[in-house]
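Just below is one structure, and these are the notes that go with it.
Values quoted throughout were computed directly from the atomic coordinates according to the rules given, and no laboratory measurement underlies them. Fair warning: this is a prediction, and the values are worked out from it, not measured in the lab. When we count neighbours, we look across all protein chains shown, and the Cβ atoms used for this are built from the backbone with ideal geometry, even at glycine.
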Amino acid sequence: MLLMAASAVPMDKQIVCINWGTKYGAPYINRLYEMVRANITPPFRFVAFTDTRDGVNPAVDCFDLPEMPGFMPKNTIGQWPKSRLWASELGDLTGPFLFVDLDVTITGSLDPFFTFGAPEDVVVARNAAKPLHKLGQTSVYRMPVGALAPLQQMFAADPQGIADTYRFEQHFVTRNAPNGIKFWPKGWVRHFRIECIPSFPLNYFLEPKAPPGTRVVIFAGGLNPPDAIAGQYSAETPHLPPLAHILRALKSEQKIKSIRQYVHPARWVKEIWERSSTYAPPEIKD
């Protein structure tokens, strides 16, 4: 998995996201579009594969969700609906596209994501949770349309078996991509919980910070951007001042873990999200 030099072949800047269910919807699609627009050199195209178009910024090209291969596995951890994007045909897209999760914070230019490596590469983020396992993280990845079509066929043949074996769809991609995967340069993509929150006990004194050189901050796991803005690991544990947090943690079943899980509100995440939440759909008049 060696780093690759910048591509000599310019790539069209196609950004793709996917939305299903009620967790995210138009506000997240629109916010991601604004973050992309603020951090990319035009021209670019922003595409959403979504089961709802209500309230979506008209600057976003919307397509219906591709068909789910096989069936949705039950009681699994990974985001297996992402396998819809592995199809050999994807809307009217051709060539490489950059996929970005809806719940990220973009902190730097996205331009290098379109010049790194070769157009035929499948390039993923490094999995910060298991650095020694050399696993990929698919919150931010680039690939040509259809590059993972063989994996979609494998998954469709036995969705539950594949999900039970690999747990996460990104592990399945890492181990089975037809021509292997490559990783983004270290530091481009950072994991908020693992790489932006100061280590214990400094997390009680210092606010979270994106390391220099970060371009995209991902929020894999339970801690999402609204939690980062509020200064909490989950909605079940609202932010408290340090001493009150420790007293609450001492009453929990996992005392040591709960004490260590303290985070100050991430003001920079709030600023980026508020700045990117400017689109309001037009009012419908009777």
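Points worth noting:
- Cut-off 13 Å, label 7 Å out along Cα→Cβ of residue 250, residues of region 208-240 by amide N: none
- Each Lys or Arg adds one and each Asp or Glu subtracts one; over the other residues with Cβ under 12 Å from the Cβ of residue 198, this totals +1.
- The chain, dipole about Cα centre (Lys/Arg Cβ +1, Asp/Glu Cβ -1), debye to the nearest 20: 1240
- Distance from the C-alpha centroid of region 83-132 to that of region 147-187: 14 Å, rounded to the whole angstrom.
- Applying the criteria of a DSSP loop state and at most 16 other Cβ atoms within 10 Å to the trypsin sites (Lys or Arg not before Pro) of region 154-195 yields 167, 186.
- For region 207-286: relative contact order, % (alpha-carbon pairs under 8 angstrom, 6 or more apart): 32
- Whole-number percent relative contact order across the chain, with pairs defined as alpha carbons under 8 Å at least 6 apart: 20
- Taking other residues whose beta carbon is less than 15 angstrom from the beta carbon of residue 172, and scoring Lys, Arg as +1 and Asp, Glu as -1, yields +3.
- DSSP-assigned coil residues among chymotrypsin sites (Phe, Trp or Tyr not before Pro) in region 188-286, each with at most 10 further Cβ atoms within 10 Å: 205
- Of the residues 172, 28, 146, the one whose Cα sits farthest toward the positive end of the charge dipole of region 14-183, with +1 on the Cβ of Lys and Arg and -1 on the Cβ of Asp and Glu, is 172.
- Max mean-square fluctuation residue, GNM over the chain, Cα-Cα springs under 10 Å, options 52, 22, 174: 22
- Charge sum, other residues only, whose C-beta stays under 9 Å from residue 18's C-beta, Lys/Arg counted +1 and Asp/Glu -1: +1
- Anchor residue 255: aspartates and glutamates whose Cα lies under 16 Å away (excluding residues fewer than 8 positions away in-chain): 236
- Residue 275 paired with residue 153, simple spin-label distance in nm, labels 7 Å along Cα-to-beta-carbon: 4.6
- Treating r as the C-beta distance of residue 257 and residue 88 and R0 as 35 Å, the FRET efficiency rounds to 0.20.
- In a DSSP loop and with at most 13 other Cβ atoms within 10 Å, the trypsin sites (Lys or Arg not before Pro) in region 115-146 are 134.
- Residue-averaged [θ]222 nm for the chain, counting only DSSP H segments that reach four residues, each worth -39500 (n - 2.57): -6500 deg cm²/dmol
- Reach of residue 186 by Cα under 29 Å, taken over lysines that are not fewer than 8 positions away in the same chain: 13, 82, 130, 134, 209, 257, 270
- Residue ranges 241-254, 63-76 sort as 63-76, 241-254 when ordered by packing (mean number of other C-beta atoms within 10 Å per residue, highest first).
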